[in-house]
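Scroll down for the structure; my scribbles are underneath it.
The values are calculated or read from the model by the stated rules, or taken from the named source; none is laboratory data. Computed from a predicted model, the values in this text were never measured in an experiment. A quick note on method: Cβ atoms are made from the backbone with ideal geometry, for glycine too, and the neighbour counts reach across all protein chains shown.
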Ligand code: TTP
Ligand code: MG
(Lines give C-alpha, C1' and ligand atoms only; values in the text may rest on other atoms or scores of the structure.)
(Ligands and ions follow the chains in the order given, each with its own letter.)
Protein backbone atom coordinates (compact mmCIF):
# COMPACT_ATOMS: atom_id res chain seq x y z
CA UNK A 1 0.00 0.00 0.00
CA UNK A 2 2.86 2.30 -0.87
CA UNK A 3 1.06 4.06 -3.65
CA UNK A 4 0.19 7.11 -1.58
CA UNK A 5 3.81 7.66 -0.68
CA UNK A 6 5.74 10.31 -2.49
CA UNK A 7 9.46 10.15 -2.96
CA UNK A 8 11.13 12.46 -0.53
CA UNK A 9 8.20 12.61 1.87
CA UNK A 10 9.37 10.57 4.79
CA UNK A 11 7.01 8.87 7.17
CA UNK A 12 5.58 11.51 9.43
CA UNK A 13 7.65 11.84 12.52
CA UNK A 14 5.38 10.88 15.36
CA UNK A 15 5.50 10.04 19.02
CA UNK A 16 2.51 7.83 19.78
CA UNK A 17 1.40 6.65 23.19
CA UNK A 18 -1.05 3.77 23.47
CA UNK A 19 -2.79 3.56 26.83
CA UNK A 20 -4.71 0.47 27.94
CA UNK A 21 -6.10 0.05 31.44
CA UNK A 22 -5.24 -3.13 33.30
CA UNK A 23 -8.06 -5.67 33.78
CA UNK A 24 -10.37 -2.72 33.42
CA UNK A 25 -13.78 -3.96 34.61
CA UNK A 26 -12.14 -5.78 37.53
CA UNK A 27 -10.17 -2.61 38.36
CA UNK A 28 -13.46 -0.68 38.41
CA UNK A 29 -15.02 -3.23 40.75
CA UNK A 30 -12.03 -2.87 43.07
CA UNK A 31 -12.43 0.86 43.04
CA UNK A 32 -15.83 0.73 44.67
CA UNK A 33 -15.15 -2.39 46.69
CA UNK A 34 -11.62 -2.15 48.11
CA UNK A 35 -11.91 -5.58 49.76
CA UNK A 36 -11.40 -7.02 46.25
CA UNK A 37 -7.90 -5.59 45.96
CA UNK A 38 -5.25 -8.25 45.63
CA UNK A 39 -7.93 -10.93 45.25
CA UNK A 40 -8.89 -13.05 42.24
CA UNK A 41 -11.83 -11.15 40.70
CA UNK A 42 -13.89 -12.31 37.74
CA UNK A 43 -16.34 -9.98 36.02
CA UNK A 44 -18.91 -11.54 33.73
CA UNK A 45 -22.45 -12.68 33.28
CA UNK A 46 -24.22 -15.89 34.04
CA UNK A 47 -22.46 -17.39 37.05
CA UNK A 48 -25.41 -17.18 39.41
CA UNK A 49 -26.78 -20.60 40.38
CA UNK A 50 -29.39 -21.69 37.88
CA UNK A 51 -27.95 -19.70 34.99
CA UNK A 52 -25.51 -21.66 32.93
CA UNK A 53 -24.60 -19.63 29.90
CA UNK A 54 -22.50 -16.55 30.15
CA UNK A 55 -18.95 -15.48 29.60
CA UNK A 56 -16.08 -13.87 31.40
CA UNK A 57 -15.66 -10.20 30.48
CA UNK A 58 -12.38 -9.92 32.30
CA UNK A 59 -10.43 -11.36 35.20
CA UNK A 60 -7.97 -9.74 37.58
CA UNK A 61 -4.38 -10.82 37.16
CA UNK A 62 -4.73 -12.94 40.32
CA UNK A 63 -7.64 -14.80 38.72
CA UNK A 64 -5.68 -15.21 35.47
CA UNK A 65 -3.16 -17.25 37.48
CA UNK A 66 -5.88 -19.88 37.71
CA UNK A 67 -6.37 -19.87 33.96
CA UNK A 68 -9.44 -17.64 33.89
CA UNK A 69 -9.55 -15.33 30.86
CA UNK A 70 -11.78 -13.03 28.81
CA UNK A 71 -14.46 -14.68 26.66
CA UNK A 72 -14.19 -17.98 28.55
CA UNK A 73 -17.46 -19.70 29.41
CA UNK A 74 -18.41 -18.94 32.99
CA UNK A 75 -18.88 -22.67 33.66
CA UNK A 76 -15.24 -23.21 32.76
CA UNK A 77 -14.09 -20.26 34.87
CA UNK A 78 -16.02 -21.61 37.86
CA UNK A 79 -14.28 -24.95 37.50
CA UNK A 80 -10.87 -23.32 37.49
CA UNK A 81 -11.75 -20.86 40.20
CA UNK A 82 -14.85 -21.48 42.34
CA UNK A 83 -16.67 -18.63 44.04
CA UNK A 84 -15.41 -17.79 47.54
CA UNK A 85 -18.93 -17.87 48.83
CA UNK A 86 -19.44 -21.44 47.59
CA UNK A 87 -16.02 -22.58 48.78
CA UNK A 88 -16.76 -21.28 52.28
CA UNK A 89 -20.14 -22.99 52.29
CA UNK A 90 -18.61 -26.28 51.20
CA UNK A 91 -15.77 -26.05 53.68
CA UNK A 92 -13.19 -25.78 50.85
CA UNK A 93 -10.17 -23.52 50.86
CA UNK A 94 -11.22 -19.93 50.15
CA UNK A 95 -7.64 -19.16 49.15
CA UNK A 96 -8.27 -21.22 46.01
CA UNK A 97 -11.47 -19.34 45.18
CA UNK A 98 -12.44 -15.97 43.77
CA UNK A 99 -14.97 -13.16 43.74
CA UNK A 100 -17.48 -12.96 40.88
CA UNK A 101 -19.16 -9.70 40.01
CA UNK A 102 -21.75 -8.96 37.29
CA UNK A 103 -20.97 -6.51 34.51
CA UNK A 104 -22.09 -2.97 35.31
CA UNK A 105 -21.41 -0.98 32.16
CA UNK A 106 -22.82 2.27 33.44
CA UNK A 107 -20.29 2.35 36.25
CA UNK A 108 -17.37 1.32 34.03
CA UNK A 109 -18.32 4.05 31.54
CA UNK A 110 -18.19 6.64 34.30
CA UNK A 111 -14.70 5.51 35.34
CA UNK A 112 -13.61 5.45 31.68
CA UNK A 113 -14.83 9.04 31.29
CA UNK A 114 -12.58 10.11 34.16
CA UNK A 115 -9.61 8.38 32.53
CA UNK A 116 -10.40 9.99 29.18
CA UNK A 117 -10.44 13.42 30.72
CA UNK A 118 -6.89 12.90 31.94
CA UNK A 119 -5.77 11.53 28.58
CA UNK A 120 -7.15 14.61 26.83
CA UNK A 121 -5.29 16.83 29.27
CA UNK A 122 -2.08 15.10 28.22
CA UNK A 123 -2.38 15.36 24.43
CA UNK A 124 -4.10 17.56 21.84
CA UNK A 125 -5.04 14.58 19.70
CA UNK A 126 -6.51 11.47 21.29
CA UNK A 127 -8.06 8.58 19.45
CA UNK A 128 -10.34 6.59 21.68
CA UNK A 129 -10.47 3.00 20.57
CA UNK A 130 -12.49 1.20 23.21
CA UNK A 131 -13.72 1.75 26.72
CA UNK A 132 -10.25 1.37 28.22
CA UNK A 133 -7.90 2.09 25.35
CA UNK A 134 -6.70 5.15 23.43
CA UNK A 135 -3.87 6.49 21.32
CA UNK A 136 -2.32 9.85 22.15
CA UNK A 137 -0.28 11.91 19.72
CA UNK A 138 2.59 13.31 21.78
CA UNK A 139 4.61 14.60 18.84
CA UNK A 140 4.33 18.26 19.72
CA UNK A 141 4.27 17.68 23.48
CA UNK A 142 7.48 15.87 24.28
CA UNK A 143 10.85 14.89 22.96
CA UNK A 144 12.10 11.29 22.92
CA UNK A 145 14.41 12.16 25.79
CA UNK A 146 11.38 13.02 27.96
CA UNK A 147 8.87 10.34 27.01
CA UNK A 148 9.64 8.02 29.88
CA UNK A 149 9.13 10.76 32.43
CA UNK A 150 5.96 11.79 30.61
CA UNK A 151 4.69 8.20 30.78
CA UNK A 152 5.45 7.90 34.47
CA UNK A 153 3.57 11.11 35.20
CA UNK A 154 0.56 10.10 33.10
CA UNK A 155 0.36 6.73 34.85
CA UNK A 156 0.70 8.32 38.27
CA UNK A 157 -2.03 10.86 37.46
CA UNK A 158 -4.47 8.17 36.34
CA UNK A 159 -3.71 6.11 39.41
CA UNK A 160 -4.03 8.95 41.91
CA UNK A 161 -7.01 10.74 40.33
CA UNK A 162 -9.05 7.76 39.14
CA UNK A 163 -7.64 4.79 41.02
CA UNK A 164 -7.02 2.33 38.19
CA UNK A 165 -3.69 1.39 36.64
CA UNK A 166 -2.76 1.91 33.02
CA UNK A 167 -0.15 0.24 30.87
CA UNK A 168 1.48 2.53 28.34
CA UNK A 169 3.44 1.91 25.17
CA UNK A 170 5.27 4.79 23.53
CA UNK A 171 6.63 4.33 20.02
CA UNK A 172 6.97 6.08 16.66
CA UNK A 173 3.95 4.26 15.18
CA UNK A 174 0.47 3.33 16.34
CA UNK A 175 0.94 -0.40 15.77
CA UNK A 176 4.23 -0.51 17.70
CA UNK A 177 2.78 1.55 20.55
CA UNK A 178 -0.09 -0.94 20.80
CA UNK A 179 2.29 -3.89 21.08
CA UNK A 180 4.44 -1.97 23.57
CA UNK A 181 1.55 -1.22 25.93
CA UNK A 182 0.75 -4.91 26.08
CA UNK A 183 4.36 -5.98 26.49
CA UNK A 184 4.77 -5.45 30.22
CA UNK A 185 1.24 -5.60 31.60
CA UNK A 186 0.04 -4.88 34.21
CA UNK A 187 1.32 -1.44 35.24
CA UNK A 188 3.71 -1.39 32.28
CA UNK A 189 5.59 1.44 30.64
CA UNK A 190 7.48 0.42 27.51
CA UNK A 191 9.25 2.92 25.28
CA UNK A 192 10.37 1.89 21.81
CA UNK A 193 12.45 4.57 20.17
CA UNK A 194 12.59 5.32 16.44
CA UNK A 195 14.84 2.87 14.68
CA UNK A 196 14.29 0.23 17.36
CA UNK A 197 10.83 -0.96 16.40
CA UNK A 198 11.86 -3.84 14.20
CA UNK A 199 14.37 -5.10 16.72
CA UNK A 200 11.83 -4.76 19.53
CA UNK A 201 9.31 -6.85 17.62
CA UNK A 202 11.71 -9.37 16.08
CA UNK A 203 11.63 -12.08 18.76
CA UNK A 204 7.99 -11.72 19.75
CA UNK A 205 5.57 -14.43 18.65
CA UNK A 206 3.89 -13.52 15.39
CA UNK A 207 0.46 -13.09 17.00
CA UNK A 208 1.84 -10.18 18.98
CA UNK A 209 2.05 -8.16 15.76
CA UNK A 210 -0.85 -5.78 15.65
CA UNK A 211 -3.57 -7.20 13.40
CA UNK A 212 -2.44 -10.85 13.52
CA UNK A 213 -5.12 -12.94 15.19
CA UNK A 214 -4.93 -16.59 16.22
CA UNK A 215 -6.22 -18.01 12.91
CA UNK A 216 -3.76 -15.99 10.83
CA UNK A 217 -0.97 -16.87 13.27
CA UNK A 218 -1.70 -20.60 12.97
CA UNK A 219 -1.52 -20.44 9.17
CA UNK A 220 1.65 -18.35 9.36
CA UNK A 221 3.26 -21.01 11.56
CA UNK A 222 2.47 -23.57 8.87
CA UNK A 223 4.41 -21.35 6.50
CA UNK A 224 7.36 -21.24 8.91
CA UNK A 225 6.57 -17.76 10.20
CA UNK A 226 6.83 -18.10 13.98
CA UNK A 227 8.18 -14.78 15.18
CA UNK A 228 7.50 -11.20 14.16
CA UNK A 229 11.01 -11.13 12.73
CA UNK A 230 10.09 -13.98 10.36
CA UNK A 231 7.06 -12.01 9.24
CA UNK A 232 9.17 -8.92 8.67
CA UNK A 233 11.55 -10.95 6.49
CA UNK A 234 8.81 -12.79 4.55
CA UNK A 235 8.01 -12.05 0.93
CA UNK A 236 5.15 -9.53 0.82
CA UNK A 237 3.75 -10.94 -2.43
CA UNK A 238 3.46 -14.40 -0.83
CA UNK A 239 1.81 -12.86 2.19
CA UNK A 240 -0.66 -11.05 -0.01
CA UNK A 241 -1.59 -14.20 -1.90
CA UNK A 242 -2.13 -16.05 1.40
CA UNK A 243 -3.77 -13.35 3.50
CA UNK A 244 -4.88 -10.64 1.09
CA UNK A 245 -4.25 -7.00 1.83
CA UNK A 246 -3.99 -7.84 5.54
CA UNK A 247 -0.86 -9.86 4.74
CA UNK A 248 0.90 -6.83 3.38
CA UNK A 249 -0.29 -4.67 6.23
CA UNK A 250 0.97 -6.93 9.01
CA UNK A 251 4.22 -7.39 7.10
CA UNK A 252 4.71 -3.65 7.22
CA UNK A 253 3.74 -3.51 10.90
CA UNK A 254 6.30 -6.23 11.68
CA UNK A 255 8.93 -4.07 9.98
CA UNK A 256 7.97 -1.07 12.06
CA UNK A 257 6.26 0.63 9.11
CA UNK A 258 2.90 2.22 9.80
CA UNK A 259 1.94 5.48 8.18
CA UNK A 260 -1.24 6.05 10.14
CA UNK A 261 -1.48 9.27 12.04
CA UNK A 262 -3.35 9.43 15.32
CA UNK A 263 -6.67 10.99 14.43
CA UNK A 264 -9.75 11.48 16.54
CA UNK A 265 -12.77 9.37 15.67
CA UNK A 266 -15.52 10.71 13.48
CA UNK A 267 -15.15 13.02 10.56
CA UNK A 268 -11.80 14.72 10.51
CA UNK A 269 -11.71 18.46 11.07
CA UNK A 270 -8.65 18.78 8.89
CA UNK A 271 -6.19 16.85 6.76
CA UNK A 272 -2.54 17.48 7.30
CA UNK A 273 0.83 16.07 6.49
CA UNK A 274 4.09 17.08 8.03
CA UNK A 275 7.60 15.96 7.51
CA UNK A 276 10.89 16.48 9.31
CA UNK A 277 14.17 17.12 7.53
CA UNK A 278 17.02 14.74 8.24
CA UNK A 279 18.56 17.60 10.13
CA UNK A 280 17.47 21.22 10.48
CA UNK A 281 18.01 23.11 7.26
CA UNK A 282 17.85 26.69 5.94
CA UNK A 283 17.96 25.56 2.32
CA UNK A 284 15.02 27.39 0.72
CA UNK A 285 14.83 25.12 -2.30
CA UNK A 286 14.62 22.02 -0.15
CA UNK A 287 12.02 23.68 2.04
CA UNK A 288 9.77 24.79 -0.84
CA UNK A 289 10.19 21.42 -2.46
CA UNK A 290 9.01 19.72 0.73
CA UNK A 291 6.04 22.08 1.07
CA UNK A 292 5.00 21.30 -2.48
CA UNK A 293 5.20 17.55 -1.96
CA UNK A 294 3.24 17.76 1.26
CA UNK A 295 0.59 19.93 -0.43
CA UNK A 296 0.26 17.31 -3.15
CA UNK A 297 -0.10 14.54 -0.57
CA UNK A 298 -2.77 16.47 1.33
CA UNK A 299 -4.65 17.40 -1.87
CA UNK A 300 -4.67 13.78 -3.00
CA UNK A 301 -5.85 12.58 0.35
CA UNK A 302 -8.72 15.08 0.32
CA UNK A 303 -9.54 14.03 -3.21
CA UNK A 304 -9.68 10.36 -2.27
CA UNK A 305 -12.15 11.22 0.46
CA UNK A 306 -14.17 13.48 -1.82
CA UNK A 307 -13.58 16.40 0.49
CA UNK A 308 -13.47 20.11 -0.31
CA UNK A 309 -11.43 22.53 1.79
CA UNK A 310 -11.70 26.22 2.29
CA UNK A 311 -8.78 26.96 4.60
CA UNK A 312 -5.17 26.22 3.79
CA UNK A 313 -2.44 26.35 6.39
CA UNK A 314 1.23 25.68 6.81
CA UNK A 315 3.43 24.91 9.76
CA UNK A 316 7.13 25.61 10.23
CA UNK A 317 8.96 24.13 13.19
CA UNK A 318 12.28 25.68 14.22
CA UNK A 319 14.53 23.66 16.51
CA UNK A 320 13.85 22.45 19.04
CA UNK A 321 10.03 22.84 19.19
CA UNK A 322 9.13 26.32 18.12
CA UNK A 323 5.95 25.81 16.11
CA UNK A 324 4.75 28.59 13.81
CA UNK A 325 1.59 28.33 11.73
CA UNK A 326 -0.08 30.47 9.10
CA UNK A 327 -3.43 29.95 7.41
CA UNK A 328 -5.60 31.57 4.78
CA UNK A 329 -9.26 31.07 3.99
CA UNK A 330 -10.45 31.05 0.39
CA UNK A 331 -13.72 32.61 -0.76
CA UNK A 332 -15.27 29.16 -1.19
CA UNK A 333 -14.52 25.44 -0.77
CA UNK A 334 -12.22 23.89 -3.36
CA UNK A 335 -10.39 20.68 -4.20
CA UNK A 336 -7.54 22.06 -6.25
CA UNK A 337 -4.05 20.64 -5.95
CA UNK A 338 -2.34 23.47 -7.85
CA UNK A 339 -4.08 26.13 -5.80
CA UNK A 340 -3.20 24.32 -2.59
CA UNK A 341 0.46 24.20 -3.61
CA UNK A 342 0.43 27.86 -4.56
CA UNK A 343 -1.22 29.12 -1.38
CA UNK A 344 0.91 26.89 0.83
CA UNK A 345 4.09 28.18 -0.83
CA UNK A 346 2.93 31.78 -0.41
CA UNK A 347 2.15 31.29 3.26
CA UNK A 348 5.47 29.54 3.75
CA UNK A 349 7.33 32.49 2.21
CA UNK A 350 7.46 34.18 5.59
CA UNK A 351 9.64 31.37 6.98
CA UNK A 352 11.56 30.28 3.91
CA UNK A 353 15.31 30.30 4.45
CA UNK A 354 15.04 30.13 8.22
CA UNK A 355 16.57 27.16 9.98
CA UNK A 356 13.72 24.64 10.22
CA UNK A 357 13.46 21.05 11.37
CA UNK A 358 9.98 20.27 10.17
CA UNK A 359 7.30 21.68 7.88
CA UNK A 360 3.66 20.81 7.38
CA UNK A 361 0.62 21.56 5.24
CA UNK A 362 -2.96 21.45 6.45
CA UNK A 363 -6.40 21.97 4.97
CA UNK A 364 -9.42 22.59 7.15
CA UNK A 365 -12.90 24.01 7.03
CA UNK A 366 -13.90 20.84 5.19
CA UNK A 367 -17.05 19.98 3.23
CA UNK A 368 -17.81 16.33 2.73
CA UNK A 369 -19.17 15.03 -0.55
CA UNK A 370 -21.89 12.41 -0.85
CA UNK A 371 -19.30 9.70 -1.47
CA UNK A 372 -17.52 10.32 1.78
CA UNK A 373 -18.19 6.94 3.30
CA UNK A 374 -15.49 5.20 5.26
CA UNK A 375 -14.54 1.93 3.65
CA UNK A 376 -15.90 -0.97 5.68
CA UNK A 377 -13.70 -3.57 4.14
CA UNK A 378 -10.39 -1.85 4.37
CA UNK A 379 -9.34 -2.75 7.84
CA UNK A 380 -9.30 -6.22 9.25
CA UNK A 381 -11.71 -9.09 9.35
CA UNK A 382 -10.71 -11.45 6.58
CA UNK A 383 -11.03 -14.64 8.55
CA UNK A 384 -13.55 -13.98 11.21
CA UNK A 385 -10.96 -13.41 13.90
CA UNK A 386 -9.63 -10.20 15.29
CA UNK A 387 -12.56 -8.44 13.63
CA UNK A 388 -11.56 -4.97 14.62
CA UNK A 389 -8.08 -5.09 16.03
CA UNK A 390 -8.04 -1.49 17.08
CA UNK A 391 -11.45 -0.14 16.36
CA UNK A 392 -10.28 1.29 13.06
CA UNK A 393 -11.99 -1.08 10.76
CA UNK A 394 -13.96 1.67 9.13
CA UNK A 395 -10.88 3.54 8.11
CA UNK A 396 -9.04 2.86 4.96
CA UNK A 397 -5.32 2.70 5.45
CA UNK A 398 -4.79 4.74 2.32
CA UNK A 399 -6.21 7.74 4.03
CA UNK A 400 -3.24 7.79 6.36
CA UNK A 401 -0.60 7.57 3.72
P1 LIG B 1 -9.05 -5.42 27.50
O2 LIG B 1 -8.25 -4.17 27.58
O3 LIG B 1 -8.84 -6.35 26.35
O4 LIG B 1 -8.80 -6.31 28.80
P5 LIG B 1 -8.59 -5.85 30.29
O6 LIG B 1 -8.51 -4.36 30.42
O7 LIG B 1 -9.64 -6.49 31.12
O8 LIG B 1 -7.21 -6.53 30.66
P9 LIG B 1 -5.75 -6.09 30.19
O10 LIG B 1 -5.03 -5.79 31.46
O11 LIG B 1 -5.21 -7.30 29.51
O12 LIG B 1 -5.90 -4.91 29.30
O13 LIG B 1 -10.58 -5.08 27.52
C14 LIG B 1 -11.12 -4.01 28.28
C15 LIG B 1 -12.44 -4.43 28.90
O16 LIG B 1 -13.33 -4.86 27.87
C17 LIG B 1 -12.33 -5.57 29.85
O18 LIG B 1 -12.02 -5.14 31.17
C19 LIG B 1 -13.68 -6.20 29.76
C20 LIG B 1 -14.15 -5.92 28.35
N21 LIG B 1 -14.01 -7.15 27.54
C22 LIG B 1 -15.13 -7.98 27.39
O23 LIG B 1 -16.21 -7.68 27.90
N24 LIG B 1 -14.99 -9.12 26.67
C25 LIG B 1 -13.80 -9.51 26.11
O26 LIG B 1 -13.72 -10.58 25.47
C27 LIG B 1 -12.67 -8.65 26.26
C28 LIG B 1 -11.33 -9.03 25.66
C29 LIG B 1 -12.82 -7.48 26.98
MG1 MG C 1 -7.28 -3.24 29.15
**Complete:** By residue number, the members of the stretch 31-60 that are within 12 Å of ligand 1 (Cβ to nearest atom), in contact (Cβ under 8 Å) with a residue 24 or more places away in the chain and buried (at least 18 other Cβ atoms within 10 Å of the Cβ) are 41, 42, 43, 44, 57, 58, 59, 60
**Prompt:** Any idea which of (1) part of a helix (DSSP H, G or I); (2) touching a helix residue (DSSP H, G or I) at 6+ places or on another chain (Cβ under 7 Å); (3) under 30 Å from residue 319 (Cα atoms) is the one residue 271 doesn't satisfy?
**Reply:** (1)
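Looking at residue 147, is it modelled with pLDDT of 95 or more, surrounded by 15 or more Cβ atoms within 10 Å (Cβ to Cβ) and within 16 Å of ligand 1 (Cβ to nearest atom)? So that I can check it myself, show each step before the final result.
Details: modelled with pLDDT of 95 or more: yes; surrounded by 15 or more Cβ atoms within 10 Å (Cβ to Cβ): yes; within 16 Å of ligand 1 (Cβ to nearest atom): no.
Criteria not met by residue 147.
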**Fill in**
Of (1) modelled with pLDDT of 95 or more; (2) surrounded by fewer than 20 Cβ atoms within 10 Å (Cβ to Cβ), residue 303 fails just (1)
**Fill in**
The one condition residue 266 fails out of (1) in a helix (DSSP H, G or I); (2) within 22 Å of the chain's Cα centre (by Cα); (3) free of Cβ contacts under 8 Å to residues at least 60 places away in the same chain is (1)
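Yes/no per residue for (1) touching a residue at least 40 places away in the same chain (Cβ under 8 Å); (2) surrounded by 15 or more Cβ atoms within 10 Å (Cβ to Cβ):
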residue: 314; (1), (2): yes, yes
residue: 317; (1), (2): yes, yes
residue: 321; (1), (2): yes, no
residue: 324; (1), (2): no, no
residue: 337; (1), (2): yes, yes
residue: 342; (1), (2): no, no
residue: 356; (1), (2): yes, yes
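If you take just the helices (runs of 4 or more DSSP H) that sit entirely in the stretch 24-111, which of them hold at least 1 residues that are within 16 Å of ligand 2 (Cβ to nearest atom) and not assigned by TED's automatic domain parsing to the domain that holds residue 131? Before the answer, list the steps.
Values: elements: 24-32, 61-64, 74-80, 84-90.
In the stretch 24-111, 24-32, 61-64 are the helices (runs of 4 or more DSSP H) which contain 1 or more residues that are within 16 Å of ligand 2 (Cβ to nearest atom) and not assigned by TED's automatic domain parsing to the domain that holds residue 131.
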**Message:** Given the criterion within 15 Å of ligand 1 (Cβ to nearest atom) and either touching a residue at least 24 places away in the same chain (Cβ under 8 Å) or more than 30 Å from residue 156 (Cβ to Cβ) (or both), identify the matching residue among 126, 103, 94.
**Reply:** 103
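Would you check which residues across the stretch 302-312 are out of contact with any strand residue (DSSP E or B) (no Cβ under 9 Å at 6 or more places or on another chain) and without any contact (Cβ under 8 Å) to a residue 60 or more places away in the chain and list them?
To start, the set of residues in the stretch 302-312 that are out of contact with any strand residue (DSSP E or B) (no Cβ under 9 Å at 6 or more places or on another chain) comprises 303-304.
Correct list: 303 only.
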**Prompt:** Hey, residue 18 hits all of (1) over 30 Å from residue 358 (Cβ atoms); (2) part of a strand (DSSP E or B) but one; which does it fall short on?
**Reply:** (1)
**Request:** All but one of (1) buried (at least 18 other Cβ atoms within 10 Å of the Cβ); (2) under 21 Å from residue 13 (Cβ atoms); (3) modelled with pLDDT of 95 or more hold for residue 189, so report the exception by its number.
**Result:** (2)
**Asked** Given the conditions (1) within 17 Å of the chain's Cα centre (by Cα); (2) buried (at least 22 other Cβ atoms within 10 Å of the Cβ); (3) assigned to a helix (DSSP H, G or I), and given that residue 182 satisfies all but one, which numbered condition is not satisfied?
**Response** (2)
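Table: residues versus (1) in a helix (DSSP H, G or I); (2) touching a helix residue (DSSP H, G or I) at 6+ places or on another chain (Cβ under 9 Å); (3) over 26 Å from residue 27 (Cα atoms); (4) within 16 Å of ligand 2 (Cβ to nearest atom).
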site	(1), (2), (3), (4)
149	yes, no, no, no
153	yes, yes, no, no
167	no, yes, no, yes
170	no, yes, no, no
175	yes, yes, no, no
187	no, yes, no, yes
